[in-house]
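Quick notes on the structure that follows.
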Amino acid sequence: MAGYWGEVLTVAAEVALVVGLVIDGGVRDIAAMTSRRFAVFTRGISMRGTIKASSPSVGRPISFAGTPVVQGDLVVADDDGVLVIPAQHVKLTLANGQQRADKEAGFMRQLKDGKTTLELLGLQSWSGS
């Protein structure tokens, strides 16, 4: 695996107001990206760089780890993984996500007040008999 992305592309991306990278390949210059607080989700890290000899593919459809991604899709990444939301589902997905986050915040408050997960989820306690 080669490091397709490094510090130079990171700085270029930042100038274009890009705040992170999701790449189905390798990256390099990890210390530089970390110090710049540039979020990176990658298959791996490699010292070996690449030759940039092809035209850019920005805005063109791609396949990311077998998932099609087109312009307008929302790519969301955090410590748990990477998710591609097709453009036509973004609004509903974000609304559903906010509902779930609000519900879980309520659960957290109730747990701190002494409720149990069995009570919050409406489950019967197992008696063991």
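Within region 70-90, being surrounded by 11 or more Cβ atoms within 10 Å (Cβ to Cβ), over 8 Å from the mean Cα position of the chain (by Cα) and not acidic (Asp, Glu) holds for VAL70, LEU74, VAL84, ILE85, PRO86, ALA87, HIS89, VAL90. For region 46-69, a residue qualifies if it is surrounded by 13 or more Cβ atoms within 10 Å (Cβ to Cβ), under 16 Å from the mean Cα position of the chain (by Cα) and within 25 Å of MET33 (Cα to Cα), and the qualifying residues are PHE64, VAL69. Filtered by the rule that a residue be within 30 Å of GLY25 (Cβ to Cβ) and assigned to a loop (DSSP other than H, G, I, E, B), region 82-115 gives a lone residue, PRO86. Taken as a whole, the condition of being under 24 Å from PHE38 (Cβ atoms) and at pLDDT 90 or above does not apply to THR93. Within region 5-25, residues that are closer than 19 Å to SER46 by Cβ have Cβ atoms under 6 Å from residues that are assigned to a helix (DSSP H, G or I) and not aromatic (Phe, Trp, Tyr) in these pairs: GLU7/ALA32; THR10/MET33, counting only partners at least 6 apart in sequence or on another chain. Tell me, which residue of region 32-53 that is at pLDDT below 85 and among the β-branched types (Val, Ile, Thr) is nearest to TYR4 (Cα to Cα)? Within region 32-53, the match that is nearest to TYR4 (Cα to Cα) is THR50. Under the condition of being out of contact with any Phe, Trp or Tyr (no Cβ under 9 Å at 6 or more places or on another chain) and in contact (Cβ under 8 Å) with a residue 24 or more places away in the chain, the residues counted in region 35-94 number 11.
The values are calculated or read from the model by the stated rules, or taken from the named source; none is laboratory data. Since this is a predicted model, take the numbers as computed values, not measurements. Because the Cβ atoms are built from the backbone with ideal geometry, glycine has one as well, and the counts that use them run over all protein chains shown.
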